[in-house]
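Colleague: Attaching a single structure in structure tokens format; questions to follow.
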Amino acid sequence: MKRKVIQCLGLMCLLVINSGCGKETVTPKPEKEKEKGTIQVLDGFYSEELGTENTVRIYLPPEYENSEERYPVIYMFDGQNLFDCSTATYQKEWHIDESLDTLYDEKRTKGIIVVGVDSVSSRRNKEYNLYLREYDGGGAGDVLKTCDFYANTLKPYIDKNYRTQTDREHTAIIGASYGAVAAICASTQYPELYGYTGMFSYCDNQNPEKMTEYIKEHMTPEILTDNKIYFYTGKYDFAYTSTKSAYEIAKENSLENIHYELDEGQHDEYSWGAKFTECLNFFYWIE
């Protein structure tokens, strides 16, 4: 599948054709080619909160340029793993763009914008966690600064420059593994911004005890008013226990709008991407 990727460097954009990974095969041209979304890549996107330059990847739905529609937005972590296996950390992607293109083609959605920020391996553990184990330096992580970056710099930029529906009823945040830690921290720190949270393979192994204490105190109806939370893990996922425990805490705290999904999956982008549509279905973002 070929897709337009627009590389933005300052005010200048470069059009690239992305053919995916591996050997390209020639197939008969369908009678009518499916509509495809567009991916824009913003390099050097500065975060004052973290003091870092970042790569931001933005999926825009089919017909975005030809419409005046405003769209709901999903913010995600590990943006390099969402759309293209050639940029993915382990050459595995979520296939977010293909999933949303299919939903659009099936008329199950009028379009959704997805915004992902790349993680950098040398910074990821600190930027996605509240606490660090001794092996990773110990002490506090910077995930709350990451949450501030998404809330105070990234979201205002996206709302200003793209046709978004800005209210919390049309704004979600999703992450996997340490990204799920970042997602629940973002939702509990900024409940007025995010109405939906996706916790895929929630991994608390940097400090299980303190993270359990954090979610017990923050994942409550008083803080997450009307927030819908989707939990996913696979039986062969090393984060199975921590994900299930987080869900159990949500139940014990009397959160009502929660859903737990378990299958035969593993701790990887293939497994998470396979459940992306189920997550949107739970959010009631698709028909």
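Rule-based calculations on the coordinates, nothing more; no lab input. Because the structure is a prediction, the values reported are computed rather than measured. Don't worry about glycine lacking a Cβ; one is built from the backbone with ideal geometry, like all the others, and counts go over all protein chains shown.
Colleague: For the chain, what is the largest minus smallest coordinate of the Cα atoms on each principal axis, given in angstrom and ordered from greatest to least?
Modeller: 55, 38, 38
Colleague: Show me 65-77, 214-226 ranked by packing, highest mean number of other Cβ atoms within 10 Å first. Each step should come with its number before you reach the end.
Modeller: Numbers: 65-77: 17.5, 214-226: 15.8.
Output ranking for 65-77, 214-226: 65-77, 214-226.
Colleague: Also, I was wondering about something else. Please list, in chain and number order, the residues 5+ apart from I74 or on another chain whose amide H is under 5 Å from its amide H, with Hs placed from the backbone.
Modeller: So I74 has HN proximity to I113, V114, V115, A172.
Colleague: Turning to a different aspect of this structure: Please build a GNM for the chain, connecting alpha carbons under 10 Å apart, and tell me which residue among C203, C85, C185 fluctuates the most.
Modeller: Most flexible of the set in this elastic network: C85.
Colleague: A follow-up question, please. Would you work out which of T166, P191, G137 lies farthest towards the positive end of the dipole of the stretch 136-191, given +1 charges on the beta-carbon of Lys and Arg and -1 on that of Asp and Glu, about the Cα centre?
Modeller: Checked the options; the winner is T166.
Colleague: Tell me the Kirkwood radius of the stretch 163-287: reciprocal of the mean inverse pair distance over distinct alpha-carbon atoms, in Å.
Modeller: Values: mean 1/r = 0.0701 Å⁻¹.
One over the average 1/r among Cα pairs gives 14.3 Å for the stretch 163-287.
Colleague: Going by alpha carbons, how many degrees (0 to 90, nearest 10) lie between the helix axis of 208-218 and the longest principal axis of the chain?
Modeller: Rounded to the nearest ten degrees, it is 80.
Colleague: Among the listed pairs K110/K145; K210/K251; K126/K160, which are separated by more than 23 Å between their Cα atoms? It would help to have the intermediate numbers written out before the result.
Modeller: Values: K110/K145 33 Å; K210/K251 19 Å; K126/K160 29 Å.
Listed pairs above 23 Å: K110/K145; K126/K160.
Colleague: What ³J(HN,Hα) values, in whole Hz, does the Karplus curve 6.51 cos²θ - 1.76 cosθ + 1.60 give for the stretch 131-142 when θ = phi - 60°, with x put for Gly and Pro?
Modeller: Result, rounded to whole Hz: 9, 10, 6, 4, 4, 9, x, x, x, 8, x, 10.
Colleague: Would you please give the residues with an amide H less than 5 Å from that of E63, counting only those at least 5 places away or on a separate chain, with H modeled from the backbone geometry?
Modeller: none
Colleague: Here's something else I'd like to know. Using the Karplus curve 6.51 cos²θ - 1.76 cosθ + 1.60 with θ = phi - 60°, what ³J(HN,Hα) values do you get for each residue of the stretch 89-97, in whole Hz, with x for Gly and Pro?
Modeller: Karplus-based 3J(HN,Hα) across the stretch 89-97 equals 4, 10, 6, 10, 10, 6, 6, 4, 5 Hz.
Colleague: Could you quote the convex hull projected area for the stretch 59-134, Cα atoms only and averaged over all directions, in nm²? Could the numbers behind the result be given before it?
Modeller: On the way: hull surface 26.3 nm².
For the Cα atoms of the stretch 59-134, the hull's average projected area reads 6.6 nm².
Colleague: Could you run the Karplus curve 6.51 cos²θ - 1.76 cosθ + 1.60 with θ = phi - 60° over the stretch 55-67 and give me ³J(HN,Hα) per residue in whole Hz, x for Gly and Pro?
Modeller: Residue by residue, the stretch 55-67 yields 9, 10, 10, 10, 8, 10, x, x, 6, 4, 5, 9, 10 Hz.
Colleague: Moving to a separate point now. Can you give the net charge of the other residues whose Cβ lies under 14 Å from the Cβ of E53, counting K and R as +1 and D and E as -1?
Modeller: Numbers: positive: R123; negative: D43, E48, E49, D118, E127.
Summing Lys/Arg as +1 and Asp/Glu as -1 gives -4.
Colleague: What dipole magnitude, in Debye to the nearest 20, does the chain give about its Cα centre under +1 on Lys/Arg Cβ and -1 on Asp/Glu Cβ?
Modeller: 500
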